[in-house]
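Student: Dropping the structure in here first, questions after.
The values are calculated or read from the model by the stated rules, or taken from the named source; none is laboratory data. Everything numeric here is computed off the predicted structure, so don't read it as measured data. Quick reminder, even Gly has a Cβ in these numbers, built from the backbone with ideal geometry, and neighbours come from all protein chains shown.
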Amino acid sequence: MILHIYADNDIFLCMRTTIEISDELLRQAKRRAADEGTPLRKVIEAALHFYLGKRPKNKGYELKWRTEKGRMLPGVRLDDRDALFDLMEGRI
């Protein structure tokens, strides 16, 4: 294994290493990188982040909106927040 470390004030900027992976796996990674138009390094980093449980930061939060069908109960007034809370908590 060849290991090169570039550091500035004890902060790692980049690390280079040599690893051995199967030819087929490397071909698939290169194909994915070419399909996405990204460097091979990014594909490998994303795969490691996923495997290690860290999601890449480029994916934002997705709200899954769920609606329910129903009707208004008698006595419910949506314009009076305090009365609504009282009704929901069974105080009325």
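Student: Here are the criteria: (1) of a type in the set (K, R); (2) part of a loop (DSSP other than H, G, I, E, B); (3) surrounded by 10 or more Cβ atoms within 10 Å (Cβ to Cβ); (4) at pLDDT 85 or above. Tell me which single one K42 does not satisfy.
Tutor: The failed condition is (2).
Student: Test each condition in (1) modelled with pLDDT of 85 or more; (2) assigned to a helix (DSSP H, G or I) for L87 and report the one that comes out false.
Tutor: With respect to (1) modelled with pLDDT of 85 or more; (2) assigned to a helix (DSSP H, G or I), L87 is out only on (1).
Student: I'm checking my understanding of the structure. Among residues of segment 45-72 that are part of a loop (DSSP other than H, G, I, E, B) and touching a helix residue (DSSP H, G or I) at 6+ places or on another chain (Cβ under 8 Å), which one is modelled with the lowest pLDDT? Walk me through how you get there before you give the answer.
Tutor: Filtering segment 45-72 down to residues part of a loop (DSSP other than H, G, I, E, B) leaves 52-72.
Right, trim to touching a helix residue (DSSP H, G or I) at 6+ places or on another chain (Cβ under 8 Å) and you get 55-56.
Numbers: R55: 63, P56: 60.
Here the answer is P56.
Student: Still on this structure: Which members of segment 8-31 meet the condition of being modelled with pLDDT of 75 or more and polar (S, T, N, Q)?
Tutor: Looking only at segment 8-31, we keep the residues that are modelled with pLDDT of 75 or more, and these are 16-31.
Within segment 8-31, T17, T18, S22, Q28 qualify.
Student: List every residue pair whose Cβ atoms lie under 8 Å apart, where the two residues are 6 or more positions apart in sequence or sit on different chains, the first residue falls within segment 71-92 and is without any contact (Cβ under 8 Å) to a residue 60 or more places away in the chain, and the second residue, located anywhere, is in a loop (DSSP other than H, G, I, E, B) and surrounded by 10 or more Cβ atoms within 10 Å (Cβ to Cβ).
Tutor: G75/I92; A83/R77; A83/I92; L84/V76; L84/R77; D86/I92; L87/V76
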